[in-house]
Structures are given as structure tokens and as C-alpha cells.
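This report refers to the structure that appears directly beneath it.
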Amino acid sequence: MHKVLKFSYFLAFFALIACGEGQKQQKNTEDNTNQDDVTLEQGETADDKVILFFGNSLTAAYGLETEQGFPNLIQKRLDSLGLNYTVINSGLSGETTSGGLNRLDWVLNQEVDIFVLELGANDGLRGIPLDKSRENLQMIIDAVRQKNPETTIILAGMQIPPNMGLEYTSEFRSMFPDLAQENDILLIPFLLEGVAGEPELNLEDGIHPTAEGQKIVAENVWDILGPVVLEENVTETSMD
């Protein structure tokens, strides 16, 4: 039976200063303001493993229906493969690494098997000192591991335009692979590979993917996530 995708959206009216995200937030995000915890939906079981996407407007599918976003596309692929995983979308438009760190305890109230960390782009676009962004990302990684050392962590790499200068831009880009290597976690090299800079794959703001762009993002994520869930499925099957 096709599972119903479970979303846990955390509403806030933040503006993404550097990329003009001062528009009205998506209504489908607003409708979940008071959602304090995650409950099982019809068709889901307590045996399902949980994949949590913790990010900003890219994860929240800004400007689109949430069903068009890459987390939902990942859920559909998992379902088509008969894999017992439930995707939780914890994307919040305008989120920075600092904001993510502040709401992390709430998010980790549930057991998470795979944690996909997609934060940092807003820090870069706002010119936040990279040592602070790096510290916040490290603290998020540490907190996830402290909560459950068995949780698989996947870090989404990001790049920004050279508005803040070449040195800042270069250091920002290298921050993600450096963190992945230092913490021995998986890395999506560049979340928006094949989408960034392609007008037909982005909304009018030139930053957020269209529905077609989200499909490419989903493939970028699956390149790293897919082998993890497939290997776990083979391991569990061999143990049965």
C-alpha cells in the first residue's frame, strides 16, 4: 500500500534577505503552524524507518506545492521500491544555520534513522561569517549523534554566487566537504547540480527550483541516499 507522505513543517515568516525571499510564504506551510509533534498517518506503521530532511526553502519547496518538492519525490521512489521509510520534511523558508540549531531539539523529539542536513545557503547569501556557520553546522551534527549515534547523517553541499567576494565564495564551497570529511559523514557534493544557473529550471527569482528542477535535485539526493537505504534493505532481508 502506498504510504502517505508525512510532513512536519515549521512555520516562520523570515525573509531571505539576499535572494528576495520576502514574498508571502506558501499556504501549505502556514497551515501547519501549531504542529508540535509527528504522528503516524494512515498507511504508515511504527516499523517504518524515518528519513528527516532538515533544511531551508529548498527543502520546503518554496513557490511550489509541497508534493512537488524533492522530499516528496524521494518518498514516492521509496514507496515504488517497497522500502519501509517515512520521509519527514522539516524545511523552513529563510532558515539559517543558527535558526536550525535553535529548533533542532524539537525536531529530534522523534527517532530519526537518516538525517539529511541542508542548511547554509542563507548564511552565505547574507554574508554571515563562515566560522560561525561552520560552528553551527558542527553543533547540529554533534547533537544528532548525541541523540542517536546510529543515525546516518548526510550533508548537502551548497555553492553561492561570488557576490561576497571570491575568497568568501571559495571558503563557503569548501566548508561542506571539509565538514563531511572531518565528521566521516556522507556528502551530496552540490544539491543544485544541473539546476543552478539554468533559467528554465528555476522560478522567477532565479534561485528556487521549478517542479522540473526539483526532479533533478531529487536525483542528486538519491545518488547519495539511494545506496544507503538499499544497502540497509539488503542487510535486513538477509537477517530475516
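Listed by position, the helices (runs of 4 or more DSSP H) inside the range 112-204 whose residues that are closer than 18 Å to VAL50 by Cα and in contact (Cβ under 8 Å) with a residue 12 or more places away in the chain number at least 1 are 130-147. Just one of the numbered conditions (1) within 16 Å of HIS208 (Cβ to Cβ); (2) in a loop (DSSP other than H, G, I, E, B); (3) at pLDDT below 55 is not true of PHE10: (1). The residues of the range 59-74 that are part of a helix (DSSP H, G or I) and either under 12 Å from the mean Cα position of the chain (by Cα) or buried (at least 24 other Cβ atoms within 10 Å of the Cβ) (or both), listed by number, are THR59, ALA60, PHE70, PRO71, ASN72, ILE74.
Per-residue answers, yes or no, for (1) among the polar types (S, T, N, Q); (2) open to solvent by less than 50 Å² (accessible area, probe 1.4 Å):
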{"residue": "THR169", "(1), (2)": "yes, yes"}
{"residue": "PHE176", "(1), (2)": "no, yes"}
{"residue": "GLU182", "(1), (2)": "no, no"}
{"residue": "GLY197", "(1), (2)": "no, no"}
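Screening PRO189, PRO161 for residues that are at pLDDT below 95 and not aliphatic (A, V, I, L, M) leaves exactly one candidate, PRO161. Only one entry of GLY82, GLY127 meets the criterion of being on the phi > 0 side of the Ramachandran plot and open to solvent by 40 Å² or more (accessible area, probe 1.4 Å), and that entry is GLY82. Contact map, the range 215-229: residues that are over 19 Å from ILE185 (Cβ atoms) paired with residues that are open to solvent by 30 Å² or more (accessible area, probe 1.4 Å) and modelled with pLDDT of 95 or more, Cβ distance under 6 Å, separation 6+ or inter-chain. Pairs shown: ILE216/GLY194; ALA218/LEU73. Restricting the range 130-151 to residues that are touching a helix residue (DSSP H, G or I) at 6+ places or on another chain (Cβ under 7 Å) and of a type in the set (Val, Ile, Thr) leaves a set whose member that is surrounded by the most Cβ atoms within 10 Å (Cβ to Cβ) is ILE140.
If we scan the range 94-104, do we find a residue that is closer than 22 Å to ALA61 by Cβ, in a strand (DSSP E or B) and either under 13 Å from the mean Cα position of the chain (by Cα) or modelled with pLDDT of 95 or more (or both)?
So far as the range 94-104 goes, no, none of its residues is closer than 22 Å to ALA61 by Cβ, in a strand (DSSP E or B) and either under 13 Å from the mean Cα position of the chain (by Cα) or modelled with pLDDT of 95 or more (or both).
The values are calculated or read from the model by the stated rules, or taken from the named source; none is laboratory data. A quick note: this is a predicted structure, and the numbers were derived from the prediction, not measured. Heads up, the Cβs are rebuilt from the backbone with ideal geometry, glycines too, and the neighbour counts pull from every protein chain shown. Areas reflect the complete protein model, heavy atoms only, side chains present, ligands, DNA and RNA absent. Shrake-Rupley method; radii C 1.70, N 1.55, O 1.52, S 1.80 Å.
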